[in-house]
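The values are calculated or read from the model by the stated rules, or taken from the named source; none is laboratory data. Since this is a predicted model, take the numbers as computed values, not measurements. Heads up, the Cβs are rebuilt from the backbone with ideal geometry, glycines too, and the neighbour counts pull from every protein chain shown. Just so you know, the surface numbers come from the protein's heavy atoms only, side chains and all, with ligands and any DNA or RNA stripped out. Shrake-Rupley method; radii C 1.70, N 1.55, O 1.52, S 1.80 Å.
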Amino acid sequence: MRKNLLGRIRKGEPFTFGELLLLTWQLSVPAIMAKITTVMMQYIDASMVGMIGAGAAASIGLVNSTTWLIGGICFAMSMGYTIQLAQAIGAGEDLKARSLVRHGLWAVLIFSLVMGGGSAALSGYLPYFLGGTADIAGDASLYLEIYALGLPLLAVNFAAASMLQASGNMKVPSLLSVLMCVLDVLFNALLIFPSREVEIGGLSIWVPGADWGVAGVAFGSVLAEACCMTAMLYVLLKKSRQLHYRREQLEPWQGELRQATSLGIPMVLEQIVMGSAYVAFTCIVAPLGTVALAANSFAITAESLCYMPGIGVSTAAQTLVGQSVGAKRTKLAQRFGYVSAGLGMVVMMVMGVVMYILAPQMMALLSADSAVIAAGTEILRIEAWAEPLFAAGIIVTSIFRGAGETKLPTILNLVAMWGIRIPLAIFLAVDYGLPGVWAAMCVELCARGMLSLGVLIWRGEGLYQKKS
């Protein structure tokens, strides 16, 4: 049923509102499940780190914003190809689509090797720059270095998954994301802790362990990514009906690279805007103490469970809008944009209510420290109010990208993050501490969502005119 509906985009057939909603939901569900599973992996990771101690959690939390920035820049590079790919598939240009896959994977690999090597070289200095103290900086540096060296695996895995999703295949990337989560838990269990006896059903079982602590968290994730990347590439290059590797004359890579660069540079700037703001946000939180830093890190992980459904819907929105634009069906692209934005806001409103009610339990899963749980509960309940408009910001950004418009999200995020969140967080941190910082985040997310919706409506059908 999903394939039949998706194929109608290329065929120029009409859609009822119910069919629009059904196709958006069908593509969203696998992506949502994959994102939720990813968050559950982060929950388990965080819980395992919490068993090591608050210092370990603080060390990872200190450099999380940096890893988001690094990963986000590589993400922008791959999206320059993915946007072209969705539009080529919508236009029925299968040879061009396969060319974009091959050239895009090579470009992402080379770019991520350079980014990872540079980040690893700076890993010893960044924790101190971010305001980390000597007791956590060593673990933070080691975690960042291992992440950076594994960046090419993460980047290629993301690119391959995005390419499959652009073709409408949401199921395989979702299933492989689940597999990656399972492997991550397994590798972490073996690498973080020392060898030990575990009681299961009255039986004492010896479990081997490397006792690497924080390094085990990073290395376990890298190993899981390597396994998932291998499987993702196999499906993309061997099994995909449209995109699999063939011996054929591909289109020149120079034009694809130029277009990818044109689309990608605004997204790189967007990631720099967002990532540097996250770094600044961490710098504001760090002086508030180890408990605040750990609560901030755990609360971000807890909140991500609520906004992952929004990201899942945004993945479907980008595919549907991109294929509709490629097929030159501007009115259909606009309708998919509005339907996906509305669907995502409803889903995340429900998740916001769940987060408000279950905030203490969510934090208790991540930490046994009562002070960290109390602080995390308070800030999660502040953030819950922003979830519907947070969804709007996330999904409208993907609608813009599917349409080939990558400059507007950069401008909107620059205004929101550096014009609202950071100045307001600095001001409120003085008198209100961590709750004040998260209140600033809540205000900014609401403002960004309203701005995004306003621009989406203002641009109207003209947004979806295919760029030459």
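Number of residues in segment 324-379 that are over 30 Å from GLY462 (Cβ atoms) and in a helix (DSSP H, G or I): the value is 25. Taking the listed residues ALA161, ALA137, ALA148, the one that is of a type outside the set (S, T, N, Q), assigned to a helix (DSSP H, G or I), touching a residue at least 24 places away in the same chain (Cβ under 8 Å) and closer than 18 Å to GLY275 by Cα is ALA148, with no other qualifying.
Kindly establish whether VAL108 is more than 30 Å from VAL49 (Cβ to Cβ) and touching a helix residue (DSSP H, G or I) at 6+ places or on another chain (Cβ under 8 Å). No, not satisfied.
Suppose we filter GLY80, GLY132, GLY92 for residues that are buried (at least 22 other Cβ atoms within 10 Å of the Cβ) and in a loop (DSSP other than H, G, I, E, B); which single one remains?
GLY132
Restricting attention to segment 433-468, the residues that are among the β-branched types (Val, Ile, Thr) and open to solvent by less than 30 Å² (accessible area, probe 1.4 Å) total 2. ARG401 satisfies every condition listed in (1) within 23 Å of GLY264 (Cβ to Cβ); (2) open to solvent by 70 Å² or more (accessible area, probe 1.4 Å) except (2).
What residue, of VAL222, VAL182, is surrounded by fewer than 23 Cβ atoms within 10 Å (Cβ to Cβ) and either within 30 Å of LEU6 (Cα to Cα) or at pLDDT 90 or above (or both)?
On inspection, the qualifying residue turns out to be VAL222.
Does segment 409-426 hold any residues that are open to solvent by less than 30 Å² (accessible area, probe 1.4 Å), touching a Leu at 6+ places or on another chain (Cβ under 9 Å) and either within 18 Å of VAL268 (Cα to Cα) or not basic (Lys, Arg) (or both), and which are they? If the condition is that a residue be open to solvent by less than 30 Å² (accessible area, probe 1.4 Å), touching a Leu at 6+ places or on another chain (Cβ under 9 Å) and either within 18 Å of VAL268 (Cα to Cα) or not basic (Lys, Arg) (or both), then THR410, LEU412, ALA416 are the ones that fit. Among the candidates SER276, SER240, the residue that is in contact (Cβ under 8 Å) with a residue 60 or more places away in the chain and open to solvent by less than 20 Å² (accessible area, probe 1.4 Å) is uniquely SER240. Checking segment 386-394 against the condition returns a match, with at least one residue being open to solvent by 20 Å² or more (accessible area, probe 1.4 Å), in a helix (DSSP H, G or I), within 25 Å of SER167 (Cβ to Cβ) and out of contact with any strand residue (DSSP E or B) (no Cβ under 6 Å at 6 or more places or on another chain).
Looking only at residues of segment 206-219 that are of a type outside the set (Gly, Ala, Ser) and either within 25 Å of MET163 (Cα to Cα) or out of contact with any Asp or Glu (no Cβ under 7 Å at 6 or more places or on another chain) (or both), we find that the one that is surrounded by the most Cβ atoms within 10 Å (Cβ to Cβ) is PHE219.
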